Ligand SMILES: [Mn+2]
């Protein structure tokens with residue numbers, strides 16, 4: 001009887017080599033002429049999703065505030081501030097949670113099939129600029145620190161501006177900063193800094209369960225002297241403050257996903273909001289308009305030219321899917337619906353953005369809220385880069401078999417929008433002339 005183990009053992013003992021699983025064959029060497037450094041890079045430069053220091057999407061990282069020589073077109077910037085919240089604190093840990101949840105967005109595998117490009121390997125330099133070291137002890141100082149940080153970074157010339165001689169449109173005035181909150185009040189600092197560059201009010205597209213345009217006096221307290229005290233600055237009043245300061249463009253700004261309770265016994269909060277020039281899209285509207293219709297309403301209101309600050313409070317998503325947030329409200333949109341809407345508004349001229357109110361201590365074991373936030377950042381970066389491709393005269397690919405999704409804004413009246421949307425989908429999905437059921 002032959003003993004196969006004995007044959008191998010004899011061969012090993014006699015010094016006869018035979019390739020096996022355990023032999024650790026030598027790594028294939030880089031091409032001739034490769035330097036020792038190239039050899040090391042060939043062996044060790046690529047990370048797995050679960051290895052490496054936690055930067056957003058494994059992107060290159062510097063503390064940009066102290067490294068003026070580190071160029072960027074799009075900055076991911078943490079704003080770990082959470083001492084202006086009305087309910088659950090904890091969003092100061094949002095940036096690190098979102099970074100950890102972005103780990104599977106390795107740039108080598110981040111081609112966004114919905115958009116037809118990889119936002120991390122396209123024309124733009126996308127980097128993780130670290131966090132603003134914001135004080136947790138003094139909100140007035142914190143606001144000043146954040147505003148100073150945004151002002152500093154927005155003044156850095158984007159590297160793509162130097163290579164845009166062939167560009168059809170004018171180069172960017174400033175880099176795009178996408179903030180990881182932090183509670184929602186950080187948006188006031190970003191809007192102030194953007195106003196210094198744009199020198200006129202900009203539109204705000206605000207995804208949120210709540211209005212965040214509340215007058216500071218809407219929070220009852222006999223202790224705070226409102227207006228004018230530090231307690232005016234909260235994560236529910238920052239857009240009111242921004243409106244007072246003339247930072248927000250009236251009649252071009254939009255809330256999307258609202259389902260907040262209102263104060264008192266009337267629609268008074270809505271009246272205050274309307275006075276600030278916002279258009280309101282309720283969470284329930286998605287049942288009638290569907291994500292595509294919501295996106296079209298937004299594009300109709302804002303268009304593709306005026307500068308927009310895109311602010312995403314993660315509580316726009318239902319707390320069943322995103323529980324790790326400061327002020328949860330049942331009845332929100334699904335993560336998929338939000339992503340679909342973000343895709344539908346990719347034509348906006350986004351000049352700054354944030355994803356806020358991720359409070360990981362209330363998140364589930366699967367870090368679902370942080371995962372959603374990381375995906376929202378990915379979609380926003382994708383859209384900003386995609387718009388840049390078009391500005392540079394480049395071609396945008398469409399998903400094979402889904403070319404009809406197209407993209408971009410369509411101008412049409414709000415009246416008839418639903419009927420047209422339904423009709424379009426009937427034709428696109430089922431084909432013209434085919435009998436369709438009314439329930440579609
Ligand atoms: Mn909010």
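The values are calculated or read from the model by the stated rules, or taken from the named source; none is laboratory data. Quick caveat: nothing in here was measured; it's all calculated off a predicted structure. Here Cβ is always computed from backbone atoms with ideal geometry, including for glycine, and neighbour counts include all displayed protein chains.
Values computed for the structure shown
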item	result
Hey, residue 160 away from the ligand (no atom under 15 Å from the Cβ), outside any loop (DSSP other than H, G, I, E, B) and modelled with pLDDT under 95 or not	yes
Considering residues of segment 304-327 that are within 14 Å of the ligand (Cβ to nearest atom), part of a loop (DSSP other than H, G, I, E, B) and in contact (Cβ under 8 Å) with a residue 40 or more places away in the chain only, the residue surrounded by the most Cβ atoms within 10 Å (Cβ to Cβ)	322
Test result for residue 378, over 23 Å from residue 235 (Cα atoms) and either within 16 Å of the ligand (Cβ to nearest atom) or in contact (Cβ under 8 Å) with a residue 60 or more places away in the chain (or both)	yes
Scan of segment 277-303 for residues that are within 16 Å of the ligand (Cβ to nearest atom) and surrounded by fewer than 19 Cβ atoms within 10 Å (Cβ to Cβ), ordered by number	280, 282
Unique residue being outside any loop (DSSP other than H, G, I, E, B), under 15 Å from the mean Cα position of the chain (by Cα) and without any contact (Cβ under 8 Å) to a residue 40 or more places away in the chain when the list is 343, 336	336
Selection within segment 345-370 - more than 16 Å from the ligand (Cβ to nearest atom) and within 24 Å of residue 292 (Cβ to Cβ)	345, 346, 347, 348, 349, 350
Filter result (more than 16 Å from the ligand (Cβ to nearest atom), touching a helix residue (DSSP H, G or I) at 6+ places or on another chain (Cβ under 8 Å) and within 25 Å of residue 300 (Cβ to Cβ)) within segment 173-210	176, 178, 194, 201, 202, 203
